[in-house]
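Written out below as structure tokens is the structure these notes cover.
The values are calculated or read from the model by the stated rules, or taken from the named source; none is laboratory data. The shown structure was predicted, so the numbers you read here are calculated from the model rather than taken from an experiment. Every residue, glycine among them, receives a Cβ derived from its backbone with ideal geometry; neighbour counts consider all protein chains shown.
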2 protein chains.
Amino acid sequence: MIISGFVSLIYHEIAAFFAFIKALLIVIPASLLVYYFTRSKKDNILGSREAFLLVSLSWIFASLAGALPFVFSGAIPAYTDAFFETMSGFTTTGASILTDIESLPRGMLFWRSMTHWLGGMGIVVLTVALIPLLGVGGTKLLKAEAPGPIVDKITPKITETAKILWSIYVAFTVIEATLLIIGGMDLFDALTHTFGTLATGGFSTRNASVGAFNSGFIQIVITVFMIMAGMNFNLYYKIISGNFKDFFRDTEMKVYLSIFGIATILIAVNLLKTYNGFGESLRFAGFQAASILTTTGFSTADFAVWPAFSRNVLFFLMFVGGCAGSTGGGMKVIRLTTMFKVGINEMKHLIYPRGVFLMRINGIAVRKDIVYPIAGFIFFYVGLLLAVTLIVATGGYDILTSFSTSLATLGNIGPGFGKIGPSLNYAFYPAYIKWILSAAMMLGRLEIYTVLVLFTPHFWRR
Amino acid sequence: MIISGFVSLIYHEIAAFFAFIKALLIVIPASLLVYYFTRSKKDNILGSREAFLLVSLSWIFASLAGALPFVFSGAIPAYTDAFFETMSGFTTTGASILTDIESLPRGMLFWRSMTHWLGGMGIVVLTVALIPLLGVGGTKLLKAEAPGPIVDKITPKITETAKILWSIYVAFTVIEATLLIIGGMDLFDALTHTFGTLATGGFSTRNASVGAFNSGFIQIVITVFMIMAGMNFNLYYKIISGNFKDFFRDTEMKVYLSIFGIATILIAVNLLKTYNGFGESLRFAGFQAASILTTTGFSTADFAVWPAFSRNVLFFLMFVGGCAGSTGGGMKVIRLTTMFKVGINEMKHLIYPRGVFLMRINGIAVRKDIVYPIAGFIFFYVGLLLAVTLIVATGGYDILTSFSTSLATLGNIGPGFGKIGPSLNYAFYPAYIKWILSAAMMLGRLEIYTVLVLFTPHFWRR
């Protein structure tokens, strides 16, 4: 907020500046009070249960606080809307209630994009990286916030891991922003769009999203960085430490890039008549496929008016999502890959009932019981998808709108189909649906279990 | 075909009668040839692989042969359409390419409904029941055709089991048909609609489906029998043998009836303004909820014009399906229940990482590894759902139409949303999509694995 306040000052947005000051005057004393009353008197070690509660509450309070500047500045007058927008930001969903993005003060737009950047790599991970104090029990916190079923401890020390991840993230930020400036963006647009890209968020500062920048170079840079942001960040650490073998045999990455490649070609061929030549349609197809697959949600074209087949391919991609350990959302490629291998394994069993078959991931045989949490996750994901669809439908919305709203929020994607297409927004939903969708975004970002366990009687039992 | 030929004679439909004769003149010699060339010279025991191949081929050949009378009589001139209609019949999908059902000869309509009845309890099961010769290896055949992940051997002898199941089925047929006649139907309508109900098929002899019979009594009878047909038939055997304890503690049945009850009430409340009073809306809601949940596909109203919330509830039900061991399709309640319990189990593990938790189904602790085939199934189901959606979309159809076509065929439901609503049909699809949808119906009916294993290299390895 302090940084965004400075941005307001640079652009002489006095009202916005004071909105940040007001918000800080509430947030800082409140944080100190929380710290004072919850600091540990004994040498308590953080348990699994505390980690789940702590992470969930962090995300709720971050959004509650992050919404304040929007309300105070009048940029988003209703608190429900401001909370929705902030939760959408932190969870890197990118679903917006704004009907005219460009009318907002620049300081507010910067803050809006910054919520993406903070949430992308993880609010709690950032805290662990910055405050070594939390090192004890940090692994549990990371697990509760981490995207994906497997948390690789790339270094023995959790604080070290958190620092490395954030360093890679910051380095990518500098590189992408520089490239976007070379492509013709000013610093403000370059930074905000870099935040939206690397976090796979999708908030833009323009009503026409990335489509407002009429530059093939910018489109390609953002496409490449979206794809990079959707990959497991541990892989970059492996490259840095010279471990190319592990990088090139990563099953998830291969599947992820294959899905991206096939989807892009399918859409590009289908768009031949829409754009001028294969090169242009490939560029538009690649951008949109990357945007939906990585759950970013940027757009360079209104894909709602693309031919039906292209729309169906994008709909398909909405079910996939990024890789584990990326900033992307969705079900994650590794889960789908594992389930696919389980299914193939079962078929082998049907053919040879007494055979013993190994499941290999990254070239290494894995224990079959890794499937339990993944199967449970996928069931809850699909269950929540349908449950949220039903709740949205209570407002009287058609199936396509309800279902894709549910998919776009739970998967942290942002735009969808029906009334929430790429050129549209979530403003029209009644308040109760906005709160439910905020919950869906958080459930999606924290990968369901972390939030859902809080609602089991077991959690609260002594 | 012989029975349907007689029906043609009764109604003096000479052309239809000779169409059946012609078809029989092809089918009978062809069957004898197949029998002659494939009868076992040695005392070979039927293996798992042979069972999968035999069952899959049985369904393909049954549909190839069953389509002949439609073509020969001119009722359905194109063979692709006739095959689609017959596969839709045997798989109890009820998706139709007919634009004017009532214009067909009665003999043809009877044959059309009869394919439902034969496919409902299983073509192969029927063969096992009638031809004791197949007793050896019959269990494997039953497993390959059975709906649901668990095959209860209710008697030690497989021929006995098949006979009991078919006897219950025949008894229900007599009871329902009698009740429908009491409700005002003639014998022809009563029998054809009974076939459609008990097989959870959905073919009607009227363009307006069951809505053509303006009788609350008929609606309620069909609702009750649809729900009964969607339950595990082993439960009826348990009741007959006085085992009420097992009946009343059946987890799947409880979940199934709860889903039905809740969906009915939600829709009924939403329909209060559409119909006269709660009683009438409850009747319409109950009928349609039962029809979609059990994957029958009958309709008493055009639910495409119902309020959006009701449509969304029906959309939700399309993902569920009947119980294991029923004639219903879909993912099956037991699979979803098991996955739910796995998910809950995982949450307990997150809270107590070293705890040991039992999963109970029907009051009995089950081994955790029953989840592998179920998880694999659900993954393939959703994967095929999206794959078929994409193939349908190549024809240029919108997401709602493509997706619900895929869901309605793979789940053996019949009607869906978009261009395939309850008052519409599948006639407009190009031939290649009709063949793909025929394959989807068969994959759904044989629960994916039985057909899919044939496409693995392992299957064909010596």
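Miscellaneous remarks
- Selection status of A:L314, part of a helix (DSSP H, G or I) and surrounded by fewer than 23 Cβ atoms within 10 Å (Cβ to Cβ): no
- In the set B:G148, B:G122, B:G138, only one residue is modelled with pLDDT of 75 or more and either among the aromatic types (F, W, Y) or crowded, with 20+ Cβ neighbours inside 10 Å (or both); that residue is B:G122.
- Of the candidates A:L390, A:L446, the single residue that is in contact with a Phe, Trp or Tyr (Cβ under 8 Å, 6 or more places away or on another chain), buried (at least 22 other Cβ atoms within 10 Å of the Cβ) and within 13 Å of chain B (Cβ to nearest Cβ) is A:L446.
- Annotation for the range B:204-222: no member residue is modelled with pLDDT of 95 or more, within 22 Å of B:A324 (Cβ to Cβ) and crowded, with 21+ Cβ neighbours inside 10 Å.
- Yes/no for A:T91 being in contact with a Leu (Cβ under 9 Å, 6 or more places away or on another chain) and either without any contact (Cβ under 8 Å) to a residue 12 or more places away in the chain or not small (G, A, S) (or both): yes
- Residue that is surrounded by the fewest Cβ atoms within 10 Å (Cβ to Cβ) [pool: residues in the range B:336-357 that are aliphatic (A, V, I, L, M) and more than 15 Å from A:F52 (Cβ to Cβ)]: B:V356
- Candidate set: the range B:408-421, residues that are among the hydrophobic types (A, V, I, L, M, F, W, C) and away from every other protein chain (no Cβ under 11 Å); chosen: the one farthest from the chain's Cα centre (by Cα): B:I420
- Residues in the range A:174-193 that are crowded, with 19+ Cβ neighbours inside 10 Å and without any contact (Cβ under 8 Å) to a residue 60 or more places away in the chain: A:E176, A:A177, A:L179, A:L180, A:M185, A:D189, A:A190.
- Within the option set A:A301, A:A285, being of a type outside the set (K, R) and within 21 Å of A:T192 (Cα to Cα) holds for one residue only, A:A301.
- Tally, over the range B:90-115, of residues that are farther than 24 Å from B:H12 by Cα and buried (at least 22 other Cβ atoms within 10 Å of the Cβ): 7
- Taking residues in the range A:393-404 that are at the interface with chain B (Cβ under 7 Å from one of its Cβ atoms), and partners anywhere that are among the hydroxyl-bearing types (S, T, Y), the pairs with Cβ atoms closer than 7 Å and at least 6 places apart or on different chains are A:A393/A:S402; A:S402/A:T389.
- The criterion of being at pLDDT 95 or above, surrounded by 24 or more Cβ atoms within 10 Å (Cβ to Cβ) and in a helix (DSSP H, G or I) holds for A:A289.
- When B:T274 is tested against (1) among the β-branched types (V, I, T); (2) modelled with pLDDT of 95 or more; (3) out of contact with any Leu (no Cβ under 7 Å at 6 or more places or on another chain), only condition (2) is not met.
- Subset of the range B:270-286 (residues that are surrounded by fewer than 23 Cβ atoms within 10 Å (Cβ to Cβ), in a helix (DSSP H, G or I) and more than 11 Å from chain A (Cβ to nearest Cβ)): B:G277, B:F278, B:G279, B:E280, B:S281, B:L282, B:R283
- Options A:M87, A:M108, A:M114: the member that is touching a Pro at 6+ places or on another chain (Cβ under 7 Å), of a type in the set (A, V, I, L, M) and at pLDDT 95 or above: A:M108
- Residues satisfying the stated conditions in the range B:346-356, i.e. facing chain A (nearest Cβ under 7 Å) and assigned to a helix (DSSP H, G or I): B:E346, B:M347, B:K348, B:L350, B:I351
- Only residues that are more than 7 Å from chain B (Cβ to nearest Cβ) and part of a helix (DSSP H, G or I) were counted across the range A:323-344, and they come to 8.
- Only listed residue being within 30 Å of A:F213 (Cβ to Cβ), in contact with a helix residue (DSSP H, G or I) (Cβ under 8 Å, 6 or more places away or on another chain) and within 9 Å of another protein chain (Cβ to nearest Cβ), chosen from A:A301, A:A308: A:A308
- Every residue from the range B:1-50 that is modelled with pLDDT under 85 and of a type in the set (A, V, I, L, M, F, W, C): B:F37, B:I45, B:L46
- Answer residue from the range A:364-375, given it is within 11 Å of chain B (Cβ to nearest Cβ) and in contact (Cβ under 8 Å) with a residue 40 or more places away in the chain and is nearest to the chain's Cα centre (by Cα) among those: A:I374
- Counted residues, the range B:223-256 - those being surrounded by fewer than 17 Cβ atoms within 10 Å (Cβ to Cβ) and modelled with pLDDT of 95 or more: 2
- Just one of the listed residues (A:L446, A:L424, A:L454, A:L407) is of a type outside the set (S, T, Y) and at pLDDT 95 or above, namely A:L407.
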